[in-house]
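Undergrad: The structure follows.
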Amino acid sequence: MYYNWKEQTNTEELKIVCNLIKNGELVVFPTETVYGIGANALDANAVGKIFIAKGRPSDNPLIIHLADKRNIEDIAQNITEVEQKLIDNFMPGPFTIILKRKDIVPDIVTAGLDTVAVRIPNNIIAKAIITFSGVPIAAPSANISGKPSGTNIEDIRKELEGKVSAIVDGGKTDIGLESTVVKVIDEVPVILRPGKVTPDDIKNVIGKVKLDEKVFKKVDEDENIESPGMKYRHYSPEKPCQLIYCENELDQIFYMNKFINLYNKNVVVIGSEEYKEKYNISKDRFINIGTKNNLDQIAQNIYSAIREADKLEAEIILIEGVKKEGLGIAIMNRLLRTCGYNFFEK
Ligand code: TXA
Ligand code: MG
């Protein structure tokens, strides 16, 4: 079923949706980052359905979503001072913390790890569904495994209708990129997946922060990594992609045009409006992701732009990069994976 709660949460429908969760069914719901496919986190059978619906590898663990900080102790234990400080400062919000798990959490959620990922979304619909279901909700991003995360309801319906029991429409997601995932290792917060909460935000609170070295690197299947999600092909369209970023504006225009010509203009370009007229390509082959001076806007649009580009006839998708700073770290982390690490940088 499809439920439209863009304007307002419907209380009758909320009951239906929460009953579905309680009864072990799957529900797609919005959060402030991206949409999630939710199931009762304490019901191993229900969680198993998520892996089937997404085609997700079973060794990639899920995030458990809670409505309130008081519930963290239900699923996690031995919370350290640094972890507590992160919880106090960044939750609810676009922030996920990896904590020592309690036995109540089924193995299928954590992929057998002794830790559990916990997040408290800051979104009215997400909060209502978690609260009234009365159970913690395991939810990965709403997309088939390997595809860009669902941020826009049309894309989600096309991809997941028939695979889940309900889809709740809360409009376009605010942030557009998945939460920042952090694990505290030897009292240092280590960012396993960058997001809207930036390294500086964390440093300002804790005094120290580390960006996992794999954030901008290709990870091999058999490598030992902190977060299993790092090793999989991600956020990717069907077409090949090339990421291009030059700090200097003239270089950016020059090299993008060089790539455009290399493919005899049989390309789609995803880029900022500043360069729309400068890239040597017709308007119908250019997808505008907003101004390059507003990274929030780019983050919000990026996944739907990639999906839109994939629908057009072209040999390759050329994507304009951003500076790896602030939210730009998260944008470039995702784009590098989208492009399978095909990155031209100057
Ligand atoms: O914003 C978000 O985080 C969205 C919304 C729906 O909340 N969810 C999301 O979930 O992006 P998913 O499953 O697409 O990504 C979860 C990431 C994966 O990279 C996974 O490997 C990592 O978190 N993860 C989960 N549990 C972990 C654990 N115990 N240790 C390390 N990494 C973990
Ligand atoms: Mg995902």
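The values are calculated or read from the model by the stated rules, or taken from the named source; none is laboratory data. In this text the structure is predicted, and so the values were computed from the model without any measurement. Because the Cβ atoms are built from the backbone with ideal geometry, glycine has one as well, and the counts that use them run over all protein chains shown. In case anyone asks, the SASA skips ligands and DNA or RNA and just uses the protein heavy atoms, side chains included. Shrake-Rupley method; radii C 1.70, N 1.55, O 1.52, S 1.80 Å.
Undergrad: Across region 107-117, what is the total count of residues that are surrounded by 23 or more Cβ atoms within 10 Å (Cβ to Cβ) and more than 9 Å from ligand 1 (Cβ to nearest atom)?
TA: Just the residues of region 107-117 that are surrounded by 23 or more Cβ atoms within 10 Å (Cβ to Cβ), to begin with: 109, 116-117.
Narrowing further to those that are more than 9 Å from ligand 1 (Cβ to nearest atom): none.
Matching residues across region 107-117 total 0.
Undergrad: Exactly one of (1) within 15 Å of ligand 1 (Cβ to nearest atom); (2) open to solvent by 70 Å² or more (accessible area, probe 1.4 Å); (3) within 29 Å of K6 (Cβ to Cβ) is unmet by E226. Its number?
TA: E226 satisfies all of (1) within 15 Å of ligand 1 (Cβ to nearest atom); (2) open to solvent by 70 Å² or more (accessible area, probe 1.4 Å); (3) within 29 Å of K6 (Cβ to Cβ) except (3).
Undergrad: Still on this model: Give the residue that is most open to solvent (accessible area, probe 1.4 Å), with candidates limited to residues of region 1-51 that are among the aromatic types (F, W, Y) and within 16 Å of ligand 1 (Cβ to nearest atom). Break it down into steps so the answer makes sense when it comes.
TA: Step one: of region 1-51, the residues among the aromatic types (F, W, Y) are 2-3, 5, 29, 35, 51.
If we keep only those that are within 16 Å of ligand 1 (Cβ to nearest atom) as well, we get 29, 35, 51.
Values: F29: 1, Y35: 1, F51: 20 Å².
Per the stated criteria, the residue is F51.
Undergrad: Out of A128, A111, A142, which single residue is over 17 Å from the mean Cα position of the chain (by Cα) and within 16 Å of ligand 2 (Cβ to nearest atom)?
TA: Working: A128 fails: within 16 Å of ligand 2 (Cβ to nearest atom); A142 fails: over 17 Å from the mean Cα position of the chain (by Cα).
A111 is the lone residue from the list that is over 17 Å from the mean Cα position of the chain (by Cα) and within 16 Å of ligand 2 (Cβ to nearest atom).
Undergrad: Let me ask something else about it. Out of all the residues in region 202-223, which are open to solvent by less than 80 Å² (accessible area, probe 1.4 Å), within 16 Å of ligand 1 (Cβ to nearest atom) and outside any helix (DSSP H, G or I)?
TA: L211, D212, V219, E223
Undergrad: Using the structure shown, decide if A76 is away from ligand 1 (no atom under 12 Å from the Cβ) and either at pLDDT below 95 or aliphatic (A, V, I, L, M) (or both). Even if it seems obvious, please write down each step before you answer.
TA: Working: away from ligand 1 (no atom under 12 Å from the Cβ): no; either at pLDDT below 95 or aliphatic (A, V, I, L, M) (or both): yes.
The answer is no for A76.
Undergrad: Hey, another quick one. Quick check on V190: is it within 18 Å of the chain's Cα centre (by Cα), buried (at least 19 other Cβ atoms within 10 Å of the Cβ), at pLDDT 95 or above and within 21 Å of A299 (Cβ to Cβ)? Write out each step before concluding.
TA: On the way: within 18 Å of the chain's Cα centre (by Cα): yes; buried (at least 19 other Cβ atoms within 10 Å of the Cβ): yes; at pLDDT 95 or above: yes; within 21 Å of A299 (Cβ to Cβ): no.
Considered against the rule, which asks whether it is within 18 Å of the chain's Cα centre (by Cα), buried (at least 19 other Cβ atoms within 10 Å of the Cβ), at pLDDT 95 or above and within 21 Å of A299 (Cβ to Cβ), V190 comes out as no.
Undergrad: When the residues of region 231-254 are filtered to those that are within 16 Å of ligand 2 (Cβ to nearest atom) and under 13 Å from K147 (Cβ atoms), which remaining residue is surrounded by the fewest Cβ atoms within 10 Å (Cβ to Cβ)? First the steps, then the outcome.
TA: Initial filter on region 231-254 (within 16 Å of ligand 2 (Cβ to nearest atom)): 231-237.
Now restrict to residues that are under 13 Å from K147 (Cβ atoms): 232-237.
Working: Y232: 16, R233: 11, H234: 21, Y235: 23, S236: 18, P237: 19.
This residue is R233.
Undergrad: Are any residues in region 57-67 more than 16 Å from ligand 2 (Cβ to nearest atom) and either touching a Ser or Thr at 6+ places or on another chain (Cβ under 8 Å) or at positive phi (or both), and if so, which ones?
TA: Within region 57-67, just A67 meets the criteria.
Undergrad: Another question, then. May I ask you to list the residues in region 153-178 that are under 17 Å from the mean Cα position of the chain (by Cα), open to solvent by less than 40 Å² (accessible area, probe 1.4 Å) and not small (G, A, S)?
TA: Within region 153-178, I153, D155, I156, E159, L160, T173, I175, L177, E178 qualify.
Undergrad: Also, quick follow-up: Output the residues belonging to region 75-91 that are crowded, with 16+ Cβ neighbours inside 10 Å and closer than 22 Å to I104 by Cβ.
TA: Scanning region 75-91 gives I75, A76, I79, E83, I87, M91.
Undergrad: Now, a different point. Kindly establish whether L62 is touching a helix residue (DSSP H, G or I) at 6+ places or on another chain (Cβ under 6 Å), open to solvent by less than 10 Å² (accessible area, probe 1.4 Å) and more than 26 Å from N224 (Cα to Cα). Steps first, please.
TA: Working: touching a helix residue (DSSP H, G or I) at 6+ places or on another chain (Cβ under 6 Å): yes; open to solvent by less than 10 Å² (accessible area, probe 1.4 Å): yes; more than 26 Å from N224 (Cα to Cα): no.
No; evaluated as a whole, the condition is false for this residue.
Undergrad: Which of (1) touching a residue at least 12 places away in the same chain (Cβ under 8 Å); (2) assigned by TED's automatic domain parsing to the domain that holds V322 does L250 not meet, given it meets every other one?
TA: With respect to (1) touching a residue at least 12 places away in the same chain (Cβ under 8 Å); (2) assigned by TED's automatic domain parsing to the domain that holds V322, L250 is out only on (1).
Undergrad: Restricting to region 42-62, give me the number of residues that are assigned to a loop (DSSP other than H, G, I, E, B) and under 19 Å from the mean Cα position of the chain (by Cα). Walk me through how you get there before you give the answer.
TA: First, the residues of region 42-62 that are assigned to a loop (DSSP other than H, G, I, E, B): 42-43, 55-62.
From what is left, the residues that are under 19 Å from the mean Cα position of the chain (by Cα) are 55-62.
Counting residues in region 42-62 that are assigned to a loop (DSSP other than H, G, I, E, B) and under 19 Å from the mean Cα position of the chain (by Cα) gives 8.
Undergrad: Checking S227 against (1) away from ligand 2 (no atom under 16 Å from the Cβ); (2) farther than 30 Å from Y255 by Cα, which single condition isn't satisfied?
TA: Going through (1) away from ligand 2 (no atom under 16 Å from the Cβ); (2) farther than 30 Å from Y255 by Cα one by one, S227 breaks only (1).
Undergrad: Got at least one residue in region 212-221 being in contact (Cβ under 8 Å) with a residue 12 or more places away in the chain, among the aromatic types (F, W, Y) and farther than 24 Å from E308 by Cβ? Full working, then the answer.
TA: Taking region 212-221 as the starting set, the residues that turn out to be in contact (Cβ under 8 Å) with a residue 12 or more places away in the chain are 212, 214-216, 218-219.
Narrowing the set further to residues that are among the aromatic types (F, W, Y) leaves 216.
Next cut, farther than 24 Å from E308 by Cβ only: 216.
Yes, region 212-221 contains a residue that is in contact (Cβ under 8 Å) with a residue 12 or more places away in the chain, among the aromatic types (F, W, Y) and farther than 24 Å from E308 by Cβ.
Undergrad: Can we say K183 is open to solvent by less than 90 Å² (accessible area, probe 1.4 Å), of a type in the set (D, E, K, R), modelled with pLDDT of 95 or more and outside any loop (DSSP other than H, G, I, E, B)? Even if it seems obvious, please write down each step before you answer.
TA: Details: open to solvent by less than 90 Å² (accessible area, probe 1.4 Å): yes; of a type in the set (D, E, K, R): yes; modelled with pLDDT of 95 or more: yes; outside any loop (DSSP other than H, G, I, E, B): yes.
In short, yes.
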